[in-house]
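Scroll down for the structure; my scribbles are underneath it.
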Amino acid sequence: MSLKKKLIVLNTTIMLGLGSAFAIPSVKAESITDIQSQRTGIQSDISEAEQVIQQLKKEQSKMNAQIAQIESAMKENDEKIKDTKQEIKDTEKDIESLKKEIKALEERIAKREEVLKERALSFQESGGDVEYLEVVLGSKSFGEFVNRVGAVATIVEADQQILSEQEADKADLEKKQATVEKKLQSLKDMEVELKGMQSQIEDQKAETVNMKAKIEKKESETEALKQSLENKDAGLEAQIASIRENIKKEEERKASEKADLDRAAEEVNSSNASSEGSSSSSSEESSSSSKGEASAKSSSKAESSSNSSKNSSAAKPAASKTEVSSKPSSANTGSAITAGYKYIGNSTYKFGGGRTASDIANGLFDCSGFVAWAYKQAGVNLPASTDALKGAGRQVSSSQKQPGDLVFFNTYKTDGHVGIYVGGGKFIGSQSSTGVAIANMDSGYWASKFNGRVVRVN
């Protein structure tokens, strides 16, 4: 083979080697782009998962605060129950004392009745079956007349005194019995209400604890998803690193091969330089010309590719971002509702609260006390008990309820709780676990307790 042909073969091999060296990394570079695109999507999912976790942590913190409030309300209610039980014991002692007094009164009344019977019998035996005038005029002598007048007067006066004492004791007995019965009934009602309230608080706590458990479960699942995404992202990152390492090795190998070919070409040129000077020169010019043409073609191709890429990039429309902003509309719920807003998060439930200036100043309300106070701020006087509030206006259908209507709930008893509807399936009221707050009556605890009673105050 002539030197010229050897050089042509050598140059062809070099060009093929260079083409291979650039082609393989190009394919791998495209793989990197695809993987990086996948990583971008995964990282976006990780960011969303982190936002969800943060929101869940906030909800969990809110649930913890609510549970703390409920436990505080339960503690206060326990203290109230203990005080009431002690008061019941003290009252039972008073009742025992009253029973003794009642027994003594009954014995005195019985004795007086016996005395009256004896007096009546004696009067009858001594002529008491006739009229007073006949007894007096029937005397046989003046002395007997005087004696009869005195006896009758004494008997009448004594009987009248006994009858008067008898009536007074009976009235006292009835009064004490009424007092005892009223106090007993009041204490029994209070005990029932407190126990019912405690049961209601426990139900709310159970509901809140259940919600907290769901939030914790969702947070755990989201954490697991985030970890899975991070592992996948790490795997893709390692894959990209591996591809880049392979590209580097491939480029180093091709560069080494090119260097070897260049050295081989130089050796061939050197060994034949003396004998084929002119031929070698001609071959080198031809080779140089071929390289120049190949280089020009390569440059032209790269420029064309670059322009195509730019045109393609310019043709893509810019991504548009749409910001969605929605503000909740606020319904005009009336001054009775807005008056209570200042106590949200700034009040405590108190059994029987909201009926004194001191309670109101310190934000201490029960449900009916709060409703009565709120409407008083709007210039409307309402009674401060759930039973009386049922008749404070006209009843309307639940489907027609409007902001400002009174809504009732069956808690420890029928209509045991009342609040003011504010719209959107929510009501404001003084709840035993939260104090004055806005609660949802379309789902959860209060949805299960709402009895459909709606009273419109107008």
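Which condition breaks for residue 388 when tested against (1) in contact (Cβ under 8 Å) with a residue 40 or more places away in the chain; (2) hydrophobic (A, V, I, L, M, F, W, C); (3) not in a strand (DSSP E or B)?
(1)
Report the residue count in the range 231-251 for those that are within 40 Å of the chain's Cα centre (by Cα) and either at pLDDT below 85 or surrounded by 15 or more Cβ atoms within 10 Å (Cβ to Cβ) (or both).
Adding up the residues that qualify gives 2.
Mind checking which residues of the range 62-92 are surrounded by fewer than 16 Cβ atoms within 10 Å (Cβ to Cβ), within 23 Å of residue 217 (Cα to Cα) and either modelled with pLDDT of 85 or more or of a type in the set (S, T, N, Q) (or both)?
The answer is 64, and nothing else.
Tally the residues that are in contact with a Lys or Arg (Cβ under 8 Å, 6 or more places away or on another chain), assigned to a loop (DSSP other than H, G, I, E, B) and open to solvent by less than 10 Å² (accessible area, probe 1.4 Å), restricting the search to the range 405-432.
The total comes to 2.
Which of the numbered conditions does residue 348 fail, given that it passes all the others? Conditions: (1) within 23 Å of residue 425 (Cβ to Cβ); (2) β-branched (Val, Ile, Thr); (3) at pLDDT 50 or above.
(1)
On the given criteria, is residue 107 open to solvent by 80 Å² or more (accessible area, probe 1.4 Å), of a type in the set (Asp, Glu), in a helix (DSSP H, G or I) and at pLDDT 80 or above?
The answer is yes for residue 107.
Quick one: which residue in 101, 59, 48 is in a helix (DSSP H, G or I) and at pLDDT below 80?
Just one listed residue meets the conditions, 101.
Which residues, taken from the range 361-389, are within 18 Å of residue 437 (Cα to Cα) and open to solvent by 40 Å² or more (accessible area, probe 1.4 Å)?
Passing the criteria: 361, 362, 364, 377.
For residues that are part of a loop (DSSP other than H, G, I, E, B) and under 18 Å from residue 336 (Cβ atoms), scanning just the range 392-404, find the one that is most open to solvent (accessible area, probe 1.4 Å).
If we take residues in the range 392-404 being part of a loop (DSSP other than H, G, I, E, B) and under 18 Å from residue 336 (Cβ atoms), then 402 is most open to solvent (accessible area, probe 1.4 Å).
Since residue 452 meets every condition but one in (1) in contact with a Ser or Thr (Cβ under 7 Å, 6 or more places away or on another chain); (2) buried (at least 18 other Cβ atoms within 10 Å of the Cβ), which condition does it not meet?
(2)
Kindly indicate which of 187, 225 is open to solvent by less than 50 Å² (accessible area, probe 1.4 Å) and assigned to a helix (DSSP H, G or I).
Of the residues listed, the single one that is open to solvent by less than 50 Å² (accessible area, probe 1.4 Å) and assigned to a helix (DSSP H, G or I) is 187.
So is residue 202 under 24 Å from the mean Cα position of the chain (by Cα) and without any contact (Cβ under 8 Å) to a residue 40 or more places away in the chain or not?
no
The values are calculated or read from the model by the stated rules, or taken from the named source; none is laboratory data. Predicted model, so just to flag it, every value in this text is computed and none were measured. Quick reminder, even Gly has a Cβ in these numbers, built from the backbone with ideal geometry, and neighbours come from all protein chains shown. These area figures cover heavy atoms from the full protein model, side chains too; ligands, DNA and RNA do not enter into them. Shrake-Rupley method; radii C 1.70, N 1.55, O 1.52, S 1.80 Å.
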